[in-house]
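The values are calculated or read from the model by the stated rules, or taken from the named source; none is laboratory data. Given the structure is predicted, the values throughout are model-derived calculations rather than measurements. In this analysis, Cβ positions are derived from the backbone assuming ideal geometry, glycine residues included, and neighbour counts consider all displayed protein chains. To get the accessible areas, we keep the full protein, side chains included, count just its heavy atoms, and leave off ligands, DNA and RNA. Shrake-Rupley method; radii C 1.70, N 1.55, O 1.52, S 1.80 Å.
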Amino acid sequence: MKAIGISADAAGHGADALVDLELAAPAADGQDLLVRIEAVSVNPIDIKMRSARPHAGGQPRVLGWDAAGTVVAAGPRVSLFAPGDRVFYAGSITRPGCNAELHLVDERLTGAMPASAGFAEAAALPVASLAAWEALFERMHVSATGNDAGKNLLVIGAAGGVGSMAIQLAKAVGQLHVIATASRPESQAWCRELGADIVVDHRADLVAQLAANGRPAVDFILCLSDTDRYFPVMAKLIKPHGHICALVESRSPLPMNDLRGKSASFSWEGMFTRSLHATPDMLEQHRILNRVASLIDAGQVRSTVKHCFNGFNAASLRRAHALVEAGNAIGKVVVTA
Ligand SMILES: NC(=O)c1ccc[n+]([C@@H]2O[C@H](COP(=O)([O-])OP(=O)(O)OC[C@H]3O[C@@H](n4cnc5c(N)ncnc54)[C@H](OP(=O)(O)O)[C@@H]3O)[C@@H](O)[C@H]2O)c1
């Protein structure tokens, strides 16, 4: 089968290390689905995996953890899907990625694609939706039944892939009042288009801007950028008993005592935690993706594809990687077969 990855003898780990490969097709066993990939999207994790992990030698590395495609075969213990089903998923970071013609994924990590979406739209959803959903409704315990309606959420770095879904899910499911941060006219306009109630600039004083907007403190903060840099300002802006959730690993220990006086909570969100540790509730990702699909089909949430490259090959993937690696993507970057 065709795949795109980094060959065993690659000299570097830049985007130009991505090459077209010919690999043996995998076979489905256990609870695995064999999926014919129709579209993938690129995330910052692709850049990290491409750049940072030392090359073990021997086997080429295939990246990609955001996929949409069609089930072509199912392992003997599969009960949720059948050949012909259209599915979307992030999968597991411990397995080869989805930048391949055929790909294996555990059915418990897989959702049924929104009926109203094409493959490109669906491929843009899994990582961002799972990360945003888990952060909001599991880590920070925002009510998914409207009991927190009107409470304030600050999303730092809101115009990117995760933020674009977080704004929408916070509005559609949590009924929260959303304050988004974005630094450029086009990223600010995008946040407003997705439903943010207030947009402020993370390159200016956040405390002053929130006060000027009549929201000097907030109930929830979702940090999608430099956690070390934003921790002090988050500690100032969080309300007593509020909750902060960060997705980006810190470079140094965080000053947790800054939250003590307010009895505020801090959580990490890692959307690969369930698959990485095969947690007993892995099936939750199947449920979350299905819930997101129903929100898309109901027109309450939309896919956030901003760039789409046609042609499932190394040239397209390199261009997609370059856009994400620049660090200022708006919405999602997708490559279709
Ligand atoms: N833990 C997890 O499960 C998980 C899952 C997914 C992603 N992540 C991580 O979460 C982060 C966000 O992911 P993503 O896919 O949304 O990334 P992304 O799409 O690449 O994010 C791009 C956005 O980041 C904003 N940005 C750039 N510099 C910023 C700064 N200094 N402060 C605030 N915002 C800034 C930009 O907004 P402006 O152009 O307006 O400045 C841009 O719109 C990444 O670090 C990623 O690795 C973690």
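Return only the number of the condition from (1) in contact with a Leu (Cβ under 9 Å, 6 or more places away or on another chain); (2) not in a helix (DSSP H, G or I) that Ile296 does not satisfy.
Unmet condition: (2).
Based on what the data block shows, is Leu289 aliphatic (A, V, I, L, M), within 30 Å of Ser92 (Cα to Cα) and either assigned by TED's automatic domain parsing to the domain that holds Asp148 or away from the ligand (no atom under 16 Å from the Cβ) (or both)? Steps first, answer last, please.
Details: aliphatic (A, V, I, L, M): yes; within 30 Å of Ser92 (Cα to Cα): yes; either assigned by TED's automatic domain parsing to the domain that holds Asp148 or away from the ligand (no atom under 16 Å from the Cβ) (or both): no.
Answer is no for this residue.
Residue by residue through region 235-282, note down the ones that are over 20 Å from Glu134 (Cα atoms) and free of Cβ contacts under 8 Å to residues at least 24 places away in the same chain. Let's see the steps before the verdict.
Filtering region 235-282 down to residues over 20 Å from Glu134 (Cα atoms) leaves 235-237, 239-240, 251-263.
Correct list: Arg251, Pro253, Met256, Asn257, Arg260, Gly261, Ser263.
If you go through region 230-278, how many residues are away from the ligand (no atom under 14 Å from the Cβ) and of a type in the set (Ser, Thr, Tyr)?
3
Mind checking which residues of region 312-326 are open to solvent by 60 Å² or more (accessible area, probe 1.4 Å) and of a type outside the set (A, V, I, L, M)?
Arg318, Arg319, Glu325
Please list, ordered by first then second residue, the pairs with beta carbon atoms under 6 Å, 6 or more apart or interchain, first in region 4-18 and surrounded by fewer than 15 Cβ atoms within 10 Å (Cβ to Cβ), second in a loop (DSSP other than H, G, I, E, B).
Qualifying pairs under 6 Å: Ala8/Gly57; Ala8/Gly58; Ala8/Pro60.
Of all residues being touching an Asp or Glu at 6+ places or on another chain (Cβ under 9 Å) and within 16 Å of the ligand (Cβ to nearest atom) in region 104-129, which is farthest from Gly299 (Cα to Cα)? Just the residue, please.
Val127
Say whether the condition of being charged (D, E, K, R), open to solvent by less than 40 Å² (accessible area, probe 1.4 Å) and either at pLDDT 95 or above or not assigned by TED's automatic domain parsing to the domain that holds Ala329 (or both) is met by at least one residue in region 36-53.
Within region 36-53, one or more residues are charged (D, E, K, R), open to solvent by less than 40 Å² (accessible area, probe 1.4 Å) and either at pLDDT 95 or above or not assigned by TED's automatic domain parsing to the domain that holds Ala329 (or both).
I want to confirm something. Restricting to region 164-195 and keeping residues that are open to solvent by 10 Å² or more (accessible area, probe 1.4 Å) and small (Gly, Ala, Ser), which single residue is nearest to Ser294 (Cα to Cα)?
The selected residue is Ala172.
Counting only residues that are within 11 Å of the ligand (Cβ to nearest atom) and closer than 19 Å to Ser129 by Cβ, how many does region 313-337 have?
6
Of all residues in region 199-227, which are more than 11 Å from the ligand (Cβ to nearest atom), in a helix (DSSP H, G or I) and not hydrophobic (A, V, I, L, M, F, W, C)?
Gln209
State all residues of region 107-148 that are among the acidic types (Asp, Glu) and within 18 Å of the chain's Cα centre (by Cα); if no residue qualifies, say none.
Applying the first criterion (among the acidic types (Asp, Glu)) to region 107-148 yields 107, 121, 134, 138, 148.
The answer is Glu121, Glu134, Glu138.
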